[in-house]
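Down below is the structure, laid out as structure tokens.
The values are calculated or read from the model by the stated rules, or taken from the named source; none is laboratory data. Everything numeric here is computed off the predicted structure, so don't read it as measured data. Cβ sites come from the backbone with ideal geometry, for glycine too, and all protein chains shown count toward neighbours.
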Amino acid sequence: MSNGSTGWPSLTPATRAAAVELLRHGPLPRSALARRLGLSAGSVTRLVAPLLAGGLVAPVGPGRDGGVGRPTTPLDVVATGHRFVGVKLTGSHGYAVLTDLRSTVLSRVDGPLPGDRSPSDVVAGVADLVAACAGGAALTGVGVSLGGRAADHRVVTAAPYLGWSGDVDLGALVTAATGVPAVVDNDVLALTRATHWFGAARGGDRFALVTVGVGIGYGLVVHDRLVDSDDAGVGLVAHLRLDPLGPLCARGHRGCAEAMLASGKIRDAVAVGRGRVSSYDECLDLAVAGDPVAARVVGDAGRALGRLVAMIANLTMVPVVVLSGDGVRLASVAPEAVAEGLAAERDPAADPVAVEIHPGGFDEWARGAAVTAIQSFTLSGDGPVARH
């Protein structure tokens, strides 16, 4: 099932750097690539020669450098040369996407996890999803993401939604089951990688990602590098206090991000005031329709989200905060409340914070897993993914 790792792992570091620039920012003419790498045009010509010869990079059409001089031909990576599958695991379900080298989604499948969520059953489920999604295509890599913590992009050290508390070498198990090199990461970190390289923050070197849904997640990129830590997956920002009079979370924190923003908490708060509601989306629909209970709860949540964005921007000084996750519709339903909360916690003399709303369901989480595999392959061959 694997097509190995033809081409990229054999590149020299300098040639690999040129290829990664084209992957992330291409197509680019040689002069633009030279500026990005801080090299002379002659050096770049030498660097891209083996990429062209190996079919990893190709000219994509006529162009002109700066509008003067002889025409130039932009170069770009051949994204169709490799296939990756990303799998996002929840406590009961798996979502998989097949992508090319630039994380363009080519197919998707999902299904319930078999058995009792034991590591062996979960690995069997992942292998089935990978096979169904690949559809017989040769794969270069597989990425798996989940709510929890992973060491060295292989060993899951905690996966509360799956009920795992001990170390599970999920990367090795998935590699053995699929025959394809596999990497594992926390789901929010994986989504941050995809947002950085190919998503809403593509081209930016400083931004934060906040995910809203069943839980509250946070990712940070500074100086063009993902900030990673052993604490990723603990959910640290979920318990920042946003409203001293707000509801309680399961840990007894009053008005923290989880208590104010988690989709289940919003549903529960609406249900207290108006009786049973079937879903989080129904709460948002009721707020849009002017239901006084839902409008109050959703407005409070929107202001809390704005305060969370302001806290993150104040402490990290990032110019952009991307909002994502399966519950991010909150920001679109209550934009005035989000803006009010942001303004309340932000010095008026400070530069404005750009808030980018990037809706996405579980396919986006799975795409993040695929990008983790893409980074592992392109940045370091078959070794662990770099913190890039």
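For region 376-387, state whether one or more residues are surrounded by fewer than 23 Cβ atoms within 10 Å (Cβ to Cβ) and within 17 Å of Leu191 (Cβ to Cβ). Within region 376-387, one or more residues are surrounded by fewer than 23 Cβ atoms within 10 Å (Cβ to Cβ) and within 17 Å of Leu191 (Cβ to Cβ). For region 150-168, a residue qualifies if it is closer than 20 Å to Ile374 by Cα and surrounded by fewer than 19 Cβ atoms within 10 Å (Cβ to Cβ), and the qualifying residues are Ala151, Asp152, Val155.
Being in a helix (DSSP H, G or I) and modelled with pLDDT of 95 or more holds for only one residue in Val318, Val293, and it is Val293. In region 244-284, the residue that is surrounded by the fewest Cβ atoms within 10 Å (Cβ to Cβ) out of those that are hydrophobic (A, V, I, L, M, F, W, C) and touching a residue at least 60 places away in the same chain (Cβ under 8 Å) is Ala262. One residue is enough: does region 170-180 have a residue meeting the conditions outside the structural domain of Glu21 (by TED's automatic domain parsing), in a strand (DSSP E or B) and under 13 Å from Ala370 (Cβ atoms)? Checking region 170-180: not a single residue is outside the structural domain of Glu21 (by TED's automatic domain parsing), in a strand (DSSP E or B) and under 13 Å from Ala370 (Cβ atoms). May I ask you to list the residues in region 310-341 that are under 20 Å from the mean Cα position of the chain (by Cα) and acidic (Asp, Glu)? Within region 310-341, just Asp326 meets the criteria.
Test Asp224 against the criterion of being surrounded by fewer than 21 Cβ atoms within 10 Å (Cβ to Cβ), acidic (Asp, Glu) and in contact (Cβ under 8 Å) with a residue 60 or more places away in the chain, and give yes or no. For Asp224, the condition - surrounded by fewer than 21 Cβ atoms within 10 Å (Cβ to Cβ), acidic (Asp, Glu) and in contact (Cβ under 8 Å) with a residue 60 or more places away in the chain - is met. For region 136-149, the set of residues classified as over 16 Å from Thr372 (Cα atoms) and free of Cβ contacts under 8 Å to residues at least 60 places away in the same chain consists of Gly136, Ala137, listed by residue number.
Taking the criterion of being within 19 Å of Pro112 (Cβ to Cβ) and modelled with pLDDT under 95, the residues of region 163-182 that qualify are Gly163, Trp164.
Entry remark, region 264-290: residues being hydrophobic (A, V, I, L, M, F, W, C), outside any loop (DSSP other than H, G, I, E, B) and closer than 22 Å to Ala250 by Cα number 6 in total. Residue count for region 111-139 satisfying the condition of being surrounded by 15 or more Cβ atoms within 10 Å (Cβ to Cβ), touching a strand residue (DSSP E or B) at 6+ places or on another chain (Cβ under 6 Å) and farther than 21 Å from Gly81 by Cβ: 6. Among the residues of region 83-134, just one is acidic (Asp, Glu), within 19 Å of the chain's Cα centre (by Cα) and outside any strand (DSSP E or B), namely Asp100. Name the residue that is nearest to Ala201 (Cα to Cα), counting only residues in region 373-388 that are modelled with pLDDT of 50 or more and not β-branched (Val, Ile, Thr). This residue is Gln375.
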